[in-house]
Amino acid sequence: MRRFIDFWVKGESLEQAVGLLKKLKELGFHSAVIEPSSDLLEGFEELRSEADRIGVKIYRKLVIEPSGRGDLLRALRKNRGSFEVITVLCRNLEAALVAARDSRVDSLIIPPNPEFRFDKGVASLIKNSVELPFNHFLEDKLSFLRTALRIVSILGRKVDIIVSSGASDPLELRGPMELASLVQVLGYSQEKALDAVSKVPESILEENLVKLSKRYVARGVLRIDEEG
Amino acid sequence: MKRVKKRYVAFSSEPKFSPIEIFRAVQASYRELFGLTGLASADLKLAKGYQEEGIAIIRCALKSVPRLFLAGAAVTKIGGERAAVRALTMSGTIKKVKKKINALKIGGLI
C-alpha cells in the first residue's frame, strides 16, 4: 500500500502546525516534512509527540534561498546534519547549477518565471529531484504551468519529480490524488504521478534517515557492531 | 457510435458551500485551466448534491478525471470567500460514490 507524504508544509507555531497535521491525517497522508520556523524548531520534539498522537510522522526540512554558490555551500555545511530534508529554491543560475549537482541537496525548486534560462544545458546537470509546490500553482497558475511543463518535458524522464503542497494554512492543503493530478495533467501516467507524492519522497527520507543515524560511516558503509 | 465512459467524483468544500456553488466554482476553474473545448469534452454535470453536508457529486468523462481533480484543487475562492474544494471519492456509479461517502462517515446520505 502506498504511503503518501506531503514533502513541504510550513510550520509557524505549534498550534498552527498541529492544525495542519490533523488536516493532513484527514486527507490520508502518512507523513509530512515540515519547514519549521526558528521558534518551532526549538520545540520540534513537542510537535513530534503531538504528531505521533495524531498518527502522522514528521520530519524537519530546511528551505534555502541562496544568493550564490558560497552562500549555498555555507548553508549546506552548517545545516546538513540537523535536517532530514534540504531543499534549494533556485532564484539564480549560479545557485541552481551548484544545487543541481550537490548530493547534500535533496530537492530543487525552480520558481515560476525563473530569472535564468532553464534549457537542456541546465537540465543535463540536474541529478537531484525537482519539487513542484502546489502553493506556487495556486499563486500564479499560468506562470507555474509554463515552467512546470518545461520541467516535465525536459526532465520528466531523467530525474524524479515530487509534488508537495507548500502550505502554511489548512485551506492550502490538498489530498494526495489532487497533488498527483498536477503532474498527471502535465503528461505523467497515474502510477508515476502517484509516485511523486509517495515513493519518491519516501526513498529520499529513508536514505537521509540512514545518513543521519549514528551507524552511518560513509556512503555504502554502515556500522553494525553496536547492535551486535 | 462508441459510448463515452463516465465517472462520478464527490467534492466537498471547506467551509461548507451549497452543491451548486461548488459545481460552479469547479466548472469555472476547469474552464480557466483547460478552456472551453476542454470543458465541453469533459461533459461536466452536477449529478447529485447534498445541501447539509456541502457535497457535490459531479459526473465527467473518464478521460477528464485527472483534469477534474486538478480543477477542483485549483479552487481558492467561492463567492469571494477563501475556500478549498477537495475530492472525497470517485466511482463509476452514483450508488457506489454514496456508499464510499458513507464509509468516510460524512453524514448518512443513503
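The values are calculated or read from the model by the stated rules, or taken from the named source; none is laboratory data. Nothing here was measured: the structure is a model prediction, and the numbers come from that model. So basically every Cβ, Gly included, is an ideal-geometry build from the backbone, and we count neighbours across all protein chains shown.
Looking at segment B:66-84, which of the residues that are among the charged types (D, E, K, R) and more than 9 Å from every other protein chain (Cβ to nearest Cβ) is surrounded by the fewest Cβ atoms within 10 Å (Cβ to Cβ)? Full working, then the answer.
Taking segment B:66-84 and keeping what is among the charged types (D, E, K, R), we get B:67, B:77, B:81-82.
Keeping just the survivors that are more than 9 Å from every other protein chain (Cβ to nearest Cβ) gives B:77, B:81.
Numbers: B:77: 11, B:81: 9.
So the residue we want is B:81.
State which residue pairs qualify: first residue free of Cβ contacts under 8 Å to residues at least 24 places away in the same chain and inside segment A:54-75, second residue in a loop (DSSP other than H, G, I, E, B) in any location, beta carbons under 7 Å apart, and separation of 6 or more residues or different chains.
These pairs meet every condition: A:75/A:66.
Just the residues that are polar (S, T, N, Q) and surrounded by fewer than 20 Cβ atoms within 10 Å (Cβ to Cβ), please, taken from segment A:152-168. Explain how you work it out, then say what you get.
Looking only at segment A:152-168, we keep the residues that are polar (S, T, N, Q), and these are A:153, A:164-165, A:168.
Correct list: A:153, A:168.
Pick from A:205, A:179, A:171: which is surrounded by 18 or more Cβ atoms within 10 Å (Cβ to Cβ), within 14 Å of another protein chain (Cβ to nearest Cβ), part of a helix (DSSP H, G or I) and at pLDDT 90 or above?
Values: A:205 fails: within 14 Å of another protein chain (Cβ to nearest Cβ); A:171 fails: surrounded by 18 or more Cβ atoms within 10 Å (Cβ to Cβ).
Sole residue among the options that is surrounded by 18 or more Cβ atoms within 10 Å (Cβ to Cβ), within 14 Å of another protein chain (Cβ to nearest Cβ), part of a helix (DSSP H, G or I) and at pLDDT 90 or above: A:179.
For residue B:57, indicate whether it is under 12 Å from the mean Cα position of the chain (by Cα), more than 14 Å from chain A (Cβ to nearest Cβ) and closer than 25 Å to residue A:194 by Cα. So that I can check it myself, show each step before the final result.
Values: under 12 Å from the mean Cα position of the chain (by Cα): yes; more than 14 Å from chain A (Cβ to nearest Cβ): yes; closer than 25 Å to residue A:194 by Cα: yes.
So residue B:57 passes the test.
Consider residue A:45 carefully, then state whether it is surrounded by fewer than 17 Cβ atoms within 10 Å (Cβ to Cβ), modelled with pLDDT of 90 or more and under 18 Å from the mean Cα position of the chain (by Cα).
On the way: surrounded by fewer than 17 Cβ atoms within 10 Å (Cβ to Cβ): yes; modelled with pLDDT of 90 or more: yes; under 18 Å from the mean Cα position of the chain (by Cα): no.
For residue A:45, the condition - surrounded by fewer than 17 Cβ atoms within 10 Å (Cβ to Cβ), modelled with pLDDT of 90 or more and under 18 Å from the mean Cα position of the chain (by Cα) - is not met.
Can you report the number of residues in segment B:30-44 which are of a type in the set (Gly, Ala, Ser), within 19 Å of residue A:183 (Cα to Cα) and free of Cβ contacts under 8 Å to residues at least 12 places away in the same chain?
Adding up the residues that qualify gives 1.
Among the residues of segment A:47-59, are any assigned to a loop (DSSP other than H, G, I, E, B) and under 24 Å from residue A:130 (Cβ atoms)? Write out each step before concluding.
Pass one, segment A:47-59, residues assigned to a loop (DSSP other than H, G, I, E, B): A:55-56.
From what is left, the residues that are under 24 Å from residue A:130 (Cβ atoms) are none.
Among the residues of segment A:47-59, not one is assigned to a loop (DSSP other than H, G, I, E, B) and under 24 Å from residue A:130 (Cβ atoms), which makes the answer no.
The rows are residues; the columns are (1) more than 16 Å from residue B:19 (Cα to Cα); (2) over 12 Å from the mean Cα position of the chain (by Cα).
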{"site": "B:63", "(1), (2)": "yes, yes"}
{"site": "B:75", "(1), (2)": "no, no"}
{"site": "B:81", "(1), (2)": "no, yes"}
{"site": "B:92", "(1), (2)": "yes, yes"}
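Please determine, by comparing only the residues of segment A:130-148 that are in contact with a Phe, Trp or Tyr (Cβ under 9 Å, 6 or more places away or on another chain) and among the polar types (S, T, N, Q), which one is nearest to the other protein chains (Cβ to nearest Cβ).
Among those that are in contact with a Phe, Trp or Tyr (Cβ under 9 Å, 6 or more places away or on another chain) and among the polar types (S, T, N, Q), it is A:135.
Of everything in segment B:29-40, what is crowded, with 16+ Cβ neighbours inside 10 Å and within 14 Å of another protein chain (Cβ to nearest Cβ)? Give them in sequence order. Reasoning before the result, please.
To start, the set of residues in segment B:29-40 that are crowded, with 16+ Cβ neighbours inside 10 Å comprises B:29-31, B:33-34, B:39.
Correct list: B:29, B:30, B:31, B:33, B:34.
Tally the residues that are within 21 Å of residue A:208 (Cβ to Cβ), touching a residue at least 40 places away in the same chain (Cβ under 8 Å) and outside any helix (DSSP H, G or I), restricting the search to segment A:12-31.
Of the residues in that region, 2 qualify.
Mind checking which residues of segment B:8-49 are in contact with a strand residue (DSSP E or B) (Cβ under 8 Å, 6 or more places away or on another chain) and of a type in the set (Phe, Trp, Tyr)?
Those that are in contact with a strand residue (DSSP E or B) (Cβ under 8 Å, 6 or more places away or on another chain) and of a type in the set (Phe, Trp, Tyr): B:8, B:11, B:17, B:23.
Which of the following residues is at pLDDT below 90 and either within 30 Å of residue B:90 (Cα to Cα) or within 14 Å of chain B (Cβ to nearest Cβ) (or both): A:151, A:162? First the steps, then the outcome.
Details: A:162 fails: at pLDDT below 90.
Among A:151, A:162, only A:151 is at pLDDT below 90 and either within 30 Å of residue B:90 (Cα to Cα) or within 14 Å of chain B (Cβ to nearest Cβ) (or both).
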